[in-house]
Amino acid sequence: MSLPRLLISAAHKSSGKTTVTIGLCAALARRGLTVQPFKKGPDYIDPMWHGVAAGRTGRNLDFNNQGPDEIVSLFLRCANGADVAMIEGNKGLHDGVDLHGSDSSAALAKLLGAPVVLVVDAAGITRGVAPLLLGYQAFDRGARIGGVILNKVSGPRHESKLRAAIEAFTDLPVIGAIRRSPDLAIVERHLGLIPSNEMAEARAVVSRISDGIAAQCDLEAIMALARTAGPLVPASSCPRAVSGAFPSVRIGIARDAAFGFYYPDDVEALAAGGAELVPIDTLRDTQLPPGLDGLFIGGGFPESHMEVLEANRGMRDGIRAAILAGLPVYAECGGLMYLSRSIVWKGRTHAMVGAISGDTVMHDRPRGKGFVRLRETGHLPWPGTQAGAEITAHEFHYSSLENLSDNPTFAYDILRGDGIDGHHDGIVVRNVVATYAHMRSVERFPWSDRFVSFVRACRKERSAA
């Protein structure tokens, strides 16, 4: 498959590659091209912005929980029908957990045969840009850097010095030079960019960024570089298929400004497994929809909406009553916070659902951040549970769960990461599993299949009773 494709990376994080990727996706889509965006690594927020920009759902490619064949298969499936694929790397081009770079953005570029566009934070640098680029080229020749976009350029004189140094000492073309501008900014909060699902003006922000990127980058040269990508051979293994022939179950899914962190392929896997997904707005809906067999509450920012969540007592009481009656619930991070007794932040305390006997306390610094490795304890109530089985996931939370009742039951032991208490994660209460870890439903750990099977089994038990 000779799909035009590029990987947008940088020398280090916070260089502006997300802004550049958003702008390129939108600018190319404006030209009538079908753009498929991807993000390397475990990230919910950037793909949301990519999706707004491209008009096509952003997807994640992650070495932490996907094998190479699975990454290639997902890439080809999701990019089918696109004119160009834009892949945003994470951190710097050669950064990663593995010393030898097997999980780096460079490794992903090589796996997908994608030319690299290197975004360079040019603030405070002139001639020194040349040895920086030469070093990045020489470090791993397999990752082909095809062009440079200069970011945070202070003015015409600065730009001319940078271009002269790059032209004199390297063979890399400069395909963009972006001036500092408030028009290219997206508001941030403690976890990074504000998600697009919380910003009513998201499309206006994307349009503004697209204008700036299109005016300062050579879109023709960028597309020409993308077309130099060679054929990509499909992996021998196909994506995990689910028949969808099971009896349908109704699973509510919280989707609103407070809860919006879901991997699209996980949601698709739930539906393929036989779940009818019923959207729930925890901020505005005053009660659960009738006839639910299960509930999924993903991550988000409940602390930013805790007053409204508390005020919606009908929803909180309804969820607590359903849990007491045995409703199967899966909650991740923000969902865990919502199910606790309260959220404490900036000297204020607001009541939450109260299904978990603990209080969520917000802190100024992360309490858990990065990849995690979990080991099943045997207490996870879903089918297929195996004590000792290991799972890879990720966490990113500024909160901790405190004042827990004695001897809580946990689904996982922590091998790497922080979880709920530094040693465990996945608190189990009745038919609820609530965790700080964000899971990905992949070949190694198809949690969506297991959860739908659990919901179906619980419904069967209720029907029999």
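Summary of values
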quantity: Residue match in the stretch 136-152 (condition: farther than 21 Å from Gly230 by Cβ, in a strand (DSSP E or B), of a type in the set (S, T, N, Q) and in contact (Cβ under 8 Å) with a residue 40 or more places away in the chain); calculated: yes
quantity: Ala130 being modelled with pLDDT of 95 or more, surrounded by 15 or more Cβ atoms within 10 Å (Cβ to Cβ), under 21 Å from the mean Cα position of the chain (by Cα) and of a type in the set (A, V, I, L, M); calculated: no
quantity: Candidate set from the stretch 69-90 (those that are surrounded by fewer than 19 Cβ atoms within 10 Å (Cβ to Cβ) and of a type in the set (D, E, K, R)); member that is farthest from Pro264 (Cα to Cα); calculated: Asp83
quantity: Residues of the stretch 341-358 classified as among the basic types (Lys, Arg) and either under 24 Å from the mean Cα position of the chain (by Cα) or not in a strand (DSSP E or B) (or both), total; calculated: 2
quantity: Criterion (assigned to a loop (DSSP other than H, G, I, E, B), closer than 25 Å to Ala437 by Cα and in contact (Cβ under 8 Å) with a residue 12 or more places away in the chain) met by exactly one of Lys39, Lys13; calculated: Lys13
quantity: Positions within the stretch 445-454 being farther than 18 Å from Ala434 by Cβ and surrounded by fewer than 21 Cβ atoms within 10 Å (Cβ to Cβ), in sequence order; calculated: Pro446, Ser453
quantity: Ser102 vs. criteria part of a helix (DSSP H, G or I), of a type in the set (S, T, N, Q) and out of contact with any helix residue (DSSP H, G or I) (no Cβ under 6 Å at 6 or more places or on another chain); calculated: no
quantity: Ala10 surrounded by 24 or more Cβ atoms within 10 Å (Cβ to Cβ), in the same structural domain as Asp218 (by TED's automatic domain parsing) and of a type in the set (A, V, I, L, M); calculated: yes
quantity: Every residue from the stretch 365-381 that is out of contact with any Asp or Glu (no Cβ under 9 Å at 6 or more places or on another chain) and either of a type in the set (Asp, Glu) or within 16 Å of Ala434 (Cα to Cα) (or both); calculated: Gly378, His379, Leu380, Pro381
quantity: The stretch 97-108 residues that are in contact (Cβ under 8 Å) with a residue 60 or more places away in the chain, paired with ones that are surrounded by fewer than 22 Cβ atoms within 10 Å (Cβ to Cβ) (beta carbon under 6 Å, 6 or more apart); calculated: Val97/Asp103; Ala106/His94; Ala106/Asp140
quantity: Residue among Ala235, Ala257 that alone is among the aliphatic types (A, V, I, L, M) and either closer than 30 Å to Leu111 by Cβ or at pLDDT 95 or above (or both); calculated: Ala235
quantity: Unmet requirement for Ile178, which otherwise passes all of (1) in contact (Cβ under 8 Å) with a residue 12 or more places away in the chain; (2) within 30 Å of Leu74 (Cβ to Cβ); calculated: (2)
quantity: Single residue of the stretch 279-314 satisfying the filter (in contact with a strand residue (DSSP E or B) (Cβ under 8 Å, 6 or more places away or on another chain) and assigned to a helix (DSSP H, G or I)) that is surrounded by the fewest Cβ atoms within 10 Å (Cβ to Cβ); calculated: Glu307
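Conditions tested, residue by residue: (1) within 21 Å of Asn65 (Cα to Cα); (2) surrounded by 18 or more Cβ atoms within 10 Å (Cβ to Cβ).
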| residue | (1), (2) |
| --- | --- |
| Asn407 | no, no |
| Gly422 | no, no |
| Val428 | no, yes |
| Ala434 | yes, yes |
| Arg440 | yes, yes |
| Arg456 | no, yes |
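The values are calculated or read from the model by the stated rules, or taken from the named source; none is laboratory data. Only a predicted model underlies this, so the values are computations on that prediction, with no experimental measurement involved. All Cβ positions, even for glycine, are placed from backbone atoms using ideal geometry, and neighbour counts span all protein chains on display.
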